[in-house]
Amino acid sequence: MSGAWVNLLSATLVALLLAGCQGNTVRDSSSDGATGNLGSPTQHQGPADIYIELSAAYLRDNQLAEAYKNAKKAVLVDPSSSNAHYVFALVNQRLGQRGEAEQEYRKSVSLDPRNPVALNALGSFLCEQKNFEEADEYFHRALANPLYSTPWLAWHNAGHCREMAGDPKGAESDYRAALQVNPRFAPSLIGMAKMTFEERNYLSTRGYLQRFGEVAPHTAESLWLGVRTENQLGDRDQMASYALKLRSKFPDSDEAKYLQTIE
């Protein structure tokens, strides 16, 4: 996954966490009630929530020292809070402290085995470490929770992980599942565009790129893919349009330099 999509997904995780701190935190697995241990988003406010919210806000603004300080306060104030350990894991991961991040992700999941946001995040973390099989397990544990409000994130991450593991068919299946629940999710649209290009299904690639352009700004990667797709389809006008955008928006990119190889 390109850096742009890593940042997008990271920002989404932080946004979800902020929303959770405003009255929608994930229910601890030991809680009872109408939804049992499904991870209901209706848990009452806890003592760590203000620090979780502050940490997430600082993390979103890339103020890592303040994010770390408040995340640590959150786990000290309420060591039993799954979300407190989750945000502490996010901060540690952003700081490059992988051992601490993994420890906190696993603690978060152990405290609430049905916390879908934490399960998805742990899966993504493990995928980055090339622990593909275990990562897939956590993605599907997240997806097993019917209260998970953003399942397309786990489907997409599962697909990206399968792609990294050398399983393009599995990746395509997961990307399609993500788009089934959120047809406008840009990372999965570009994922499918790349998959179909590799399969030489260039008309489908064109379609996915058009859909992508309707929901997100083009990247150097997507524009270069558009150039190559239209070259294969023989549409010189569309190819020239993608090339012009690539040169004007990303003149110093590697993709812009690649243009000379096909023009």
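The values are calculated or read from the model by the stated rules, or taken from the named source; none is laboratory data. For clarity, every value in this text was computed on a predicted model and none was experimentally measured. Every residue, glycine as well, gets a Cβ built from its backbone with ideal geometry; the counts of neighbours run over all protein chains shown.
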If you scan the stretch 69-98, which residues turn out to be out of contact with any helix residue (DSSP H, G or I) (no Cβ under 7 Å at 6 or more places or on another chain), in a helix (DSSP H, G or I) and more than 25 Å from His156 (Cα to Cα)? Lys69, Leu76
Inspect the stretch 204-226 for any residue being touching a residue at least 60 places away in the same chain (Cβ under 8 Å) and under 21 Å from Arg162 (Cα atoms) and give the result as yes or no. yes
Quick one: what pairs do we get from the stretch 90-110, first residue surrounded by fewer than 15 Cβ atoms within 10 Å (Cβ to Cβ), second of a type outside the set (Val, Ile, Thr), C-beta under 7 Å, 6+ apart or different chains? Leu95/Leu64; Leu95/Tyr68
Taking Glu214, is it of a type in the set (Asp, Glu), exposed (fewer than 14 other Cβ atoms within 10 Å of the Cβ) and in contact with a Pro (Cβ under 9 Å, 6 or more places away or on another chain)? no
Answer yes if at least one residue in the stretch 187-197 is of a type in the set (Val, Ile, Thr), surrounded by 16 or more Cβ atoms within 10 Å (Cβ to Cβ), in contact (Cβ under 8 Å) with a residue 60 or more places away in the chain and closer than 19 Å to Ser124 by Cβ, and no otherwise. yes
Regarding the stretch 128-141, can at least one residue be identified that is part of a helix (DSSP H, G or I), hydroxyl-bearing (Ser, Thr, Tyr) and touching a Lys or Arg at 6+ places or on another chain (Cβ under 9 Å)? no
Restricting the stretch 73-89 to residues that are crowded, with 23+ Cβ neighbours inside 10 Å and small (Gly, Ala, Ser), the residue that is farthest from Glu137 (Cα to Cα): Ala74
Within the stretch 116-124, is even one residue within 30 Å of Gly226 (Cα to Cα) and modelled with pLDDT under 95? yes
Kindly indicate whether Leu143 is modelled with pLDDT of 95 or more, over 19 Å from Asp49 (Cα atoms), buried (at least 16 other Cβ atoms within 10 Å of the Cβ) and among the hydrophobic types (A, V, I, L, M, F, W, C). yes
Would you check if Thr219 is at negative phi and modelled with pLDDT of 95 or more? yes
Any residue in the stretch 248-263 that's closer than 18 Å to Asp237 by Cα: show its pairings with residues that are surrounded by fewer than 16 Cβ atoms within 10 Å (Cβ to Cβ) and not aromatic (Phe, Trp, Tyr) at Cβ separation under 6 Å, as long as the two are six or more apart or on different chains. Ala256/Arg247
Which count do you get for residues in the stretch 236-256 that are surrounded by 15 or more Cβ atoms within 10 Å (Cβ to Cβ) and not basic (Lys, Arg)? 10
